[in-house]
Amino acid sequence: MTEIANGNGDQTVVRRITCVGAGYVGGPTCAMIAYKSPQITVTVVDMNKERIDAWNSDSLPIFEPGLEDVVMKCRGTNLFFSTDVPEAIRSADLIFISVNTPTKMYGKGAGMAPDLKYVESVARSIAEHAQGPKIVVEKSTVPVKAAESILSILEDAQRRSNNNLTFQVLSNPEFLAEGTAMRDLASPDRVLIGGEDSEEGQRAVAALVNVYASWVPRDRILTTKTWSSELSKLVANAFLAQRISSINSVSAICEATGADVREVAKAVGCDERIGSNFLNASVGFGGSCFQKDVLSLVYLCESLHLDKVADYWNGVITINNWQRRRFADAIVSELFNTVAGKKIAIFGFAFKKSTGDTRESSAIHVSKHLMEEEARLAVYDPAVTEKQMRQELVMETSEKSVNKLVTVFSDPYEAAKDAHAIVILTEWEEFKTYDYARMYNAMSHPAAFFDGRLLFKRKDIEAIGFHFFGIGSAPSHLSEVGYIL
Ligand SMILES: NC(=O)c1ccc[n+]([C@@H]2O[C@H](COP(=O)([O-])OP(=O)(O)OC[C@H]3O[C@@H](n4cnc5c(N)ncnc54)[C@H](O)[C@@H]3O)[C@@H](O)[C@H]2O)c1
């Protein structure tokens, strides 16, 4: 059993964990805890009934390799999904706050700061419904000192209550990556837990350490001050995003000079001080986290009057936006400077392979640029529903444009039929298996191929007859004339 503090110096047992927020983090994380710790009862709650119904059905609300297997093993035994937030708060020893923290789109900090209204509303629910000691854990990605705000709300409830209320707030940011979430959770590089230096704070930290210690080696569980933990999550995502923007900036140099970004990345990554991970040039990073967390870091720096530091990290976002735009512009210019009325097959809409998540996907931005040029888009993705694609594009353009210009296909060969170009925007493995010669024969000619994920070799695609443009290597006509600076 996992032991936790009861505030009196002796110890109690963590039998029940509640997670508020049944999303890409809350669902998989709790499924893993339930699976690895059968002695703990885990309840995942969400205000979104549709999502909870899906968690309780045969068709889970998120696609994540290995997730279904784990959920089916534990659901109904020690893993439960519910919309009854008050009851789940009352019955829990430890509560994860795992709600969304999107970029704020209104008022002070609009377009930069994270919107903490969902985190605050959970803190208020805990303050309202808790009847005994609780360890409250920030699992959501939050700015530095968010734990302090949560604690203020909880301490106010504590002061006004006649119950035996005590609260400890910990930071335990999640580092899983969508697409490999279950592997990441089963064998994390590290688990990070931040807490207060006080005796009670350290007892709460120890209790959460024990939860993870059921399956994570102790030397991979790092304990720090609360603020270090909160900041580490933002910095980790900023470093990952920065590497992508760095290699993408190099891809532009390669296209202009005839160097090949894959060769450069390999040569650079062989240096073990640099390493080879996250050096794949692409059409830019997407997903719900990188952009929002870098912007959150930039906003934090601006708030602290660290303007030069803010500018430095903002460059990561500038390059990412520029890379998407550059790729879309290349499509237009390679197709004789006009795509108006031309059918273009878009392969991939998810922000990366092995997920159906489309939040901040580069595909949305490239599609938007092409729609502004009046291209007719034929979109195919193996994991994203038509409804979701349309919703994302309507938010960026208009319903009228989407109805006029976008068709969603369930067969990639139909999507490519009569198209002037195939554009690869997600690195799905299945894209490598298609019969592109068959597609080429059914396309409008000359047919072009734009590889935004470096899935293909230029010579293989050109051998079929396509005109090829790949991120980070010079177009054929440039290499033929031998581009000289
Ligand atoms: N998605 C990732 O890969 C990832 C990885 C690491 C960290 N994070 C962070 O984890 C947090 C959650 O991300 P996510 O992708 O799981 O978000 P999500 O949008 O998929 O899920 C959040 C859920 O919280 C629910 N919710 C919001 N307010 C609520 C309330 N007051 N009561 C009950 N339910 C409420 C929403 O209905 C939603 O289902 C974010 O801060 C994110 O930055 C995400």
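For the reader, a short list of remarks on this structure follows.
- On a per residue basis, region 2-216 carries 42 Å² of accessible surface, using protein heavy atoms and a 1.4 Å probe.
- Around residue 191: net Lys/Arg minus Asp/Glu count, Cβ-Cβ under 13 Å: +2
- Contact order relative to length of region 2-216, as percent, for alpha carbon pairs under 8 angstrom and 6 or more apart: 22 percent
- Taking Cα centre as origin and charging only the Cβ of basic (Lys, Arg, +1) and acidic (Asp, Glu, -1) residues, the dipole magnitude of region 240-481 rounds to 120 debye.
- Cα centre as origin, Lys/Arg/Asp/Glu Cβ charges: region 2-216 dipole, Debye: 200 debye
- Counting Lys and Arg as +1 and Asp and Glu as -1 over every other residue whose Cβ lies under 14 Å from the Cβ of residue 89, the net charge comes to -1.
- Pairs of lysine residues in region 318-452 - Cα separation under 20 Å, sequence separation of 8 or more or cross-chain: 20
- As a fraction of the 1.4 Å probe accessible area of the chain, surface on carbon and sulfur atoms comes out at 51 percent.
- Pairs of lysine residues in region 51-207 that meet both criteria, 8 or more places apart or on different chains and Cα atoms under 20 Å apart, total 8.
- Stretching residue 90 away from residue 414 to a fully extended chain increases their span by 111.3 nm, per 0.36 nm per residue minus the current alpha-carbon distance.
- Those residues of region 440-463 whose amide nitrogen sits under 17 Å from the label point placed on residue 333, 7 Å along Cα→Cβ: 449-452
- Electrostatic tally near residue 129: other residues with Cβ closer than 11 Å to its Cβ, Lys and Arg +1, Asp and Glu -1, net 0.
- Computed magnitude of the charge dipole of the chain (debye, nearest 20; Cβ of K, R +1, Cβ of D, E -1): 80 debye
- Backbone N within region 180-204 under 13 Å of label point (7 Å from residue 239 Cα along the Cβ vector): 189-190
- Each principal axis of the Cα cloud of region 373-485 was taken in turn, and the coordinate range along them, longest first, works out to 45, 33, 25 Å.
- Taking all Cα pairs closer than 8 Å and separated by 6 or more residues, the relative contact order of the chain comes to 12 percent.
- Since only 187, 62, 147 are under comparison, the one whose Cα sits farthest along the positive direction of the charge dipole of region 2-216, derived from C-beta charges on Lys, Arg, Asp and Glu, is 147.
- Values of log10 I(q)/I(0), in the order q = 0.06, 0.09, 0.13 Å⁻¹, for the chain under a Debye, Cα-only, solvent-free model: -0.31, -0.67, -1.22
- Hydrodynamic radius (Kirkwood) for region 318-391, which is based on Cα pairs only, to one decimal in Å: 12.7 Å
- Eigenvalues of the alpha-carbon gyration tensor of region 240-481, scaled by 5 and square-rooted, set the equivalent ellipsoid semi-axes at 29, 23, 16 angstrom, largest first.
- Rolling a 1.4 angstrom probe over the protein heavy atoms with all chains in place gives region 240-481 an accessible area of 44 Å² per residue.
- Counting only Cα atoms, region 255-312 measures 41, 25, 23 Å along its principal axes, largest extent leading.
- Packing-based ranking of 157-169, 460-472, 301-313 yields 460-472, 157-169, 301-313, ordered from highest to lowest mean Cβ neighbour count within 10 Å.
The values are calculated or read from the model by the stated rules, or taken from the named source; none is laboratory data. This structure is a prediction, so every number in the text was calculated from the model and none was measured. So basically every Cβ, Gly included, is an ideal-geometry build from the backbone, and we count neighbours across all protein chains shown. These area figures cover heavy atoms from the full protein model, side chains too; ligands, DNA and RNA do not enter into them. Shrake-Rupley method; radii C 1.70, N 1.55, O 1.52, S 1.80 Å.
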